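The values are calculated or read from the model by the stated rules, or taken from the named source; none is laboratory data. Note that this is a predicted model, so its numbers are computed, not measured. Note: ideal-geometry Cβ built from the backbone for every residue, glycine included; neighbour counts use all protein chains shown. Keep in mind that these areas ignore ligands, DNA and RNA; they rest on the heavy atoms of the full protein, side chains included. Shrake-Rupley method; radii C 1.70, N 1.55, O 1.52, S 1.80 Å.
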Amino acid sequence: MADDHVDDPTHVQEFFGARAADWDSRFPDDGPAYAAAVALLGLRGGDRVLDAGCGTGRALEPLRAAVGADGVVIGMDLTPGMLDAARAAGRGGSGALVLGDVARLPLRAGALDAVFAAGLIAHLPRPAENLRELARAVRPGGVLALFHPIGRAVLAARHGRTLGDDDLRAEPNLRPLLASSGWRTTSYTDRDDRFLVLAEREEG
């Protein structure tokens, strides 16, 4: 997923579907930022990881490298065009590409070791409920990464906005939201070249 705020599922599909074919060319320099964020997840060989809202699949290759041939990598997105673009870019070989809604994961409880979510938080229609669904699918002690290749201030400026206290990604808002959804925040980074929040799946 990406950077403009769209949270109605139908609108998400329309918005990203119209932009899927040239998405990578719009943001050609993001690859290293994705790889660096994946490296901070602490994945191990054989781990099972979901790229939630995978878009054109820019995280799939580093995720596959992190979990190795014995690991499981799933890229899930709501927009068929984004998955088509991921396949066209040759990223389907790094993970299974699945058309689906992260609000209703077709996964058993505790099936995953980690979730990587680039730009997803801004597009969740019911953030607390949706983050709780991600927690359901992750084993206790597993990891969630909420990522964006640029920070909140840079993103807001790109869209001609100023940051307000109601920004969901602001630390005073996001930490309690995650806590109420089964996640304990372990790291919060918001700088010009990276937004990255790491959280651990709580017990129970």
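A few notes on this one:
- Any hit, the range 117-129, residues being of a type outside the set (Gly, Ala, Ser) and more than 20 Å from Gly53 (Cα to Cα): no
- Taking the listed residues Asp167, Asp190, the one that is more than 20 Å from Ala59 (Cβ to Cβ) and open to solvent by 20 Å² or more (accessible area, probe 1.4 Å) is Asp167, with no other qualifying.
- Among the residues examined, Ala137 does not qualify as touching a strand residue (DSSP E or B) at 6+ places or on another chain (Cβ under 8 Å) and under 14 Å from Gly55 (Cα atoms).
- Qualifying residue in the range 84-103 (condition: out of contact with any Leu (no Cβ under 8 Å at 6 or more places or on another chain) and within 27 Å of Arg184 (Cβ to Cβ)): no
- Residue satisfying condition, being closer than 14 Å to Ala118 by Cα and modelled with pLDDT of 95 or more, within set Leu198, Leu155: Leu198
- Tally, over the range 33-65, of residues that are small (Gly, Ala, Ser), surrounded by fewer than 22 Cβ atoms within 10 Å (Cβ to Cβ) and free of Cβ contacts under 8 Å to residues at least 60 places away in the same chain: 5
- Matching entry among Pro140, Pro172 (being in a strand (DSSP E or B), at pLDDT 95 or above and surrounded by fewer than 17 Cβ atoms within 10 Å (Cβ to Cβ)): Pro140
- Filter result for Ala179 (touching a Ser or Thr at 6+ places or on another chain (Cβ under 8 Å), over 21 Å from Gly53 (Cα atoms), open to solvent by 60 Å² or more (accessible area, probe 1.4 Å) and not in a loop (DSSP other than H, G, I, E, B)): yes
- Residue check for Arg64: more than 16 Å from Leu198 (Cα to Cα) and within 14 Å of the chain's Cα centre (by Cα): no
- Criterion: assigned to a helix (DSSP H, G or I), in contact (Cβ under 8 Å) with a residue 12 or more places away in the chain and open to solvent by less than 70 Å² (accessible area, probe 1.4 Å) - qualifying residue of Ala117, Ala128, Ala103: Ala128
- Residue list for the range 137-163, restricted to those being closer than 15 Å to Arg191 by Cα and in contact (Cβ under 8 Å) with a residue 12 or more places away in the chain: Leu146, Phe147, His148, Pro149, Ile150, Gly151, Arg152, Ala153, Val154, Leu155, Arg158
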